[in-house]
Amino acid sequence: MKVTVTVNGRAETHDVETRTLLVYFLREACGLTGTNVGCDTTSCGACTVLLNGESVKSCTVLAAQADGQEVTTIEGLAKPDGTFHPVQQAFHEHHALQCGYCTPGMVMAITSLLKEHPNPTEAEVREGLEGNLCRCTGYHNIVKAALAAAGSTELVS
Amino acid sequence: MSATVTERAGGGARGVVGTRMLRREDPALLSGEAQFVHDLSVPGALHLSVVRSPHAHARVLEVDLSAARECPGVVAAFSGRDLLGEWAAPMPCAWPVTADMQTPTHYPVALDEACYVGDAVAVVLAESAAQAQDAAASVSVSYEVLPAAVDLADAASDRVLAHDASETNRAYIWELAPDAAAVERAFAEAAVTVSERYVQQRLIPAAMEPRGVCVVPQPFGGDFTVYSSTQIPHILRTMLGITAGVPEGRLRVVAPSVGGGFGSKLNVYAEELLCLALARRMRRPVRWTEERSEAAQATIQGRGQIQQIELAADAEGHVQAVRVHLVADMGAYLQLVTPGIPILGAFLYHGVYDVPAYSFTCTGVFTNKTPTDAYRGAGRPEATYAIERAMDALARRIGVDPAEVRRRNFIAKDKFPYASSGGLLFDSGDYDAALAGALELADYEGLRAEQAQRRAQGSAKLLGIGLSSYVEMCGLAPSRVLASLNYAAGGWEAATVRMLPTGKVQVVSGSSPHGQGHETSWSMIVADKLGVSPEDVDVLHSDTAVSPFGLDTYGSRSLSVGGTAIAMAADRVVDKARLLAAHRLEVAPEDLDLEAGTFSVRGTPSRAVALGELAFAAFTAHDLPDGMEPNLEAQATYDPENFTFPFGTHVAVVEIDSDTGRVDLVRYVAVDDCGNQVNPLIVEGQVHGGIAQGVAQAMWEEAAYDEAGNILTTSFADYLVPAASELPSFTLGHTVTPSPSNPLGVKGIGEAGTIASTPAVVNAVVDALAHLGVHSMEMPVTPERVWRAVDAARRTPTGGTS
């Protein structure tokens, strides 16, 4: 079936099997491999992207469900000149990533979280991230980065 | 990319070593540009799907591939017998710990007998991954189900054999008893003895990136490029060559971005061999990506031990002897270093304590379960858990505070280097300082006061405080020591440092990172050595064509062994540059100072030449001293003379709801000493992650099997890797006791957090319940276990469960 999704501001139309998940539409049809797959049960959150501005796990959305809608992936988060989004920048400054595999999903989840809760407490950040797993950082610096990004004046973009 | 300099911890008096420089790895990972194996675009690749045994132990009677071969997109399908001719040797185990070790023959696809749920019995190749998976479901295998050896203690009795043709499940018995008589004497004379039994449950390593392999045959010349999500591209190349019968020089192994390993990618896996052999056979690229549920069966697991530890002490609690008997679960086969994992802990069951007599025995036992192998800490977390739990038991027995019993037994600061009763030479340490620091950061006295108050008030929220003091041997490893342990390889590391004509620097390392920030740390070390900016230093690694020699990354070895090799190579570049500078400035080499990348004549600083100019001069070679070869490049291979011995004390604080058994980790303090720190930002990150993994063993994680040997925890819904919501922020401190074992004075920090945290948490849980009479607690400390222990204690008038 033919599916058209606006991905990072660009219309992407591809002919895919009906069973195609959004994450494979992004990775294989659109060639955007920044979104990673870490599990097969919607548990790890590595595949988190924004669908119409809200975080979803793209392994649990069919490409067909996203037809006609807008998706933002990690590749579309920085400004066109490459300037990092405040959440990306905070991850860098606070060493919130090690192997980096969960990172795109974490960054997208936090971007969405901070839109809903612009000034979260540490507990709210931790609760808000319970759907995203990281095996490297113990979350300490991820939480720190999220709180630092929340204080960023550039966040609402 | 920006760099910040805010604090210094160890290292030189100037330069970037010791600063919190931000990681150069981050931008590619944060923008989605980084390429993991699964991200590589390889036109024409066939996709491999593996058909796995649903039985823990079964005879494979017939493999019918006819239906699978008719499925859309399928190119080929093979049974184990079909592929037997591909193998020059069975799958490798590099660590025959004893001369008489039993090693079951292990092929990438089983021939006649499947020995665990997940053992490969057939493979399918198709044009797409989905087609391969669909077709794999059409493979029909007839089995004769055999009795399975599942429970470790039961398997050790040989009631059921894990391999049909063997006579025993015993793989080996390994003993360390330098003075058995002294141990016997100490126990005979002891005022107090402690005897404890602990179970190390199996763990699933769960790196966030599942494994993946892609093998690309070159159309001319018979060469193969193997892309694998591995920690060990160099070891893998050698082992693939031996096992698949490919001349090693025709293999190039590349580990692209690797999404975590924790030991699970320190192996030679069936799927790596299958992709190589099938790419050779089909003359097409072949790739495979592990699914998460598949990983629970197909990737090695960690731990899996039954530990019996005994302490003999005098009346004041001074430990005179430690005696340990382990039963270690090998799983169904010996993977790359399976038998050696318990042995890596064998020397450390007396922990940080000055114990004169020591003996250790380990029996390796086969079960019909996924093989075990290295998982973060590998043997040392198990050792630390046993001694630290036992020390708390001793403290309770003699009625002193856990901190005090530790103080009484610590190896004193002035005893280093310390020859241990296990036969190691501990390099340096100040265990009292780390304990004191941790108690202060945690406000230990305040916590004890609050605990007493809650108990007095009969609060349902019980407070528990747990200590863990640890030492690890890492920086694997002196090659001669490895030889004495029958390990098949050495423990050195190789490096090259070269200056390019433009003055830029390339560093080549045989270590192979998967999240540790090597590029950042190596650039810092070399920048300081050469007096250049770290931005001018590029680091190359993880590709055997770029770094032909290396022994890769595991065992907290990369900095203390690999970093030392890099520093040595950089020194050699400086030595050569100095000779060239002396030639150009017409002075003696010893009259030159190197400062900020420029050689200047001592006393006449205006006479100077920059390293960059020297690099260009060495490149043009127009005017070199007689006999000097062109270019500034040097190699070094460093083989350490000793291990390094990081140490520290961690404090865990838990709150337990005595009505529901719920355990919350409310506070966590860690004081670690990894010697000099190259980059404290990275050190802290390693500690944070390590703590989380060790806490997870204590509280949530267990690779659970049913009685038939089916693994029950195949997804993150069942296998409870903690999320941010389950952990607190951590409070870290550090002390700096440089290692005399290497010129950088570094020790390693990759495994420390995991080693220390598991016993700290369980000790805290037992501490919270001890006044009720609960003295034993198995891992993970689930609410059910805690509730049952509290309930049982309340029903027993005298209290006590141990």
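Brief remarks on what is shown
- Using equal-weight Cα scatterers in the Debye expression, the normalised intensity of the protein assembly as shown in log10 at q = 0.05, 0.06, 0.08 Å⁻¹ is -0.29, -0.43, -0.78.
- Accessible area of the stretch A:2-76 belonging to carbon and sulfur atoms, whole % at 1.4 Å probe: 44
- Candidate cross-link partners of residue B:461 among the lysines, defined by an alpha-carbon separation under 24 Å and a same-chain spacing of 8 or more, are absent.
- Principal axes of the stretch B:527-594: Cα extent on each, largest first, Å: 46, 23, 23
- Computed over the stretch B:492-638, relative contact order equals 33 percent, with contacts defined as Cα pairs under 8 Å that lie 6+ residues apart.
- Cross-link pairs beyond the 24 Å C-alpha cut-off, checked among B:504/B:529; B:504/B:576; B:415/B:529; B:504/B:747; B:529/B:747; A:79/B:504: B:415/B:529; B:504/B:747; A:79/B:504
- Chain B: relative contact order as a whole-number percent, Cα under 8 Å and 6+ apart: 15
- Distance from the alpha carbon centroid of the stretch B:120-141 to that of the stretch A:53-119 works out to 34 angstrom.
- Kirkwood hydrodynamic radius of the stretch B:262-402, Cα pairs, Å: 17.2
- Solvent-accessible area per residue for the protein assembly as shown (1.4 angstrom probe, square angstrom): 35
- All distinct Cα pairs of the stretch B:531-570 go into the 1/r average, and the inverse of that average, the Kirkwood radius, is 11.6 Å.
- Its Cα gyration tensor gives the stretch B:206-306 an equivalent ellipsoid, and the semi-axes of that ellipsoid, as √(5λ) in whole Å with the largest first, are 25, 14, 12.
- Its Cα gyration tensor gives the stretch A:2-76 an equivalent ellipsoid. The semi-axes, each the square root of 5 times an eigenvalue, are 17, 13, 11 Å from largest down.
- Summed over qualifying helices (DSSP H, 4 residues or more, each -39500 (n - 2.57)) and divided by its residue number, chain B shows a 222 nm mean residue ellipticity of -8500 deg cm²/dmol.
- Compared with its chain on its own, the stretch A:34-48 contains the following residues whose accessible area drops by 30 Å² or more in the full protein assembly (probe 1.4 Å; ligands, DNA and RNA excluded): A:38, A:40, A:41, A:43.
- Kirkwood hydrodynamic radius computed over the stretch B:602-746 comes to 21.1 Å, based on all pairs of distinct alpha carbons.
- In this assembly, the A-B interface accounts for approximately 4000 Å² of buried accessible surface in total, computed with a 1.4 Å probe and without ligands, DNA or RNA.
- Ligands, DNA and RNA left out, the accessible area of chain B computed with a 1.4 Å probe is 50% carbon and sulfur.
- √(5λ) per eigenvalue of the Cα gyration tensor, the stretch B:583-628, largest first, Å: 19, 13, 8
- In the stretch B:493-559, the alpha-carbon atoms span a convex hull of 80 Å³ per residue.
- Sequence-distant contacts, meaning Cα pairs under 8 Å at least 6 residues apart, place the relative contact order of the stretch B:432-524 at 13 percent.
- A Stokes-Einstein calculation at 25 °C with viscosity 0.890 mPa s, built on the Kirkwood radius of chain B over Cα pairs, returns a diffusion coefficient of 88 µm²/s.
- Computed over Cα pairs, the Kirkwood radius of the stretch B:492-638 leads via Stokes-Einstein (0.890 mPa s, 25 °C) to a diffusion coefficient of 159 µm² per second.
- Applying Stokes-Einstein at 25 °C and 0.890 mPa s to the Kirkwood radius of chain A, computed over alpha-carbon pairs, gives a translational diffusion coefficient of 157 µm² s⁻¹.
The values are calculated or read from the model by the stated rules, or taken from the named source; none is laboratory data. Small disclaimer: the values here were computed from a predicted structure and weren't measured. Only protein heavy atoms, including side chains, enter the accessible area calculation; ligands, DNA and RNA are left aside. Shrake-Rupley method; radii C 1.70, N 1.55, O 1.52, S 1.80 Å.
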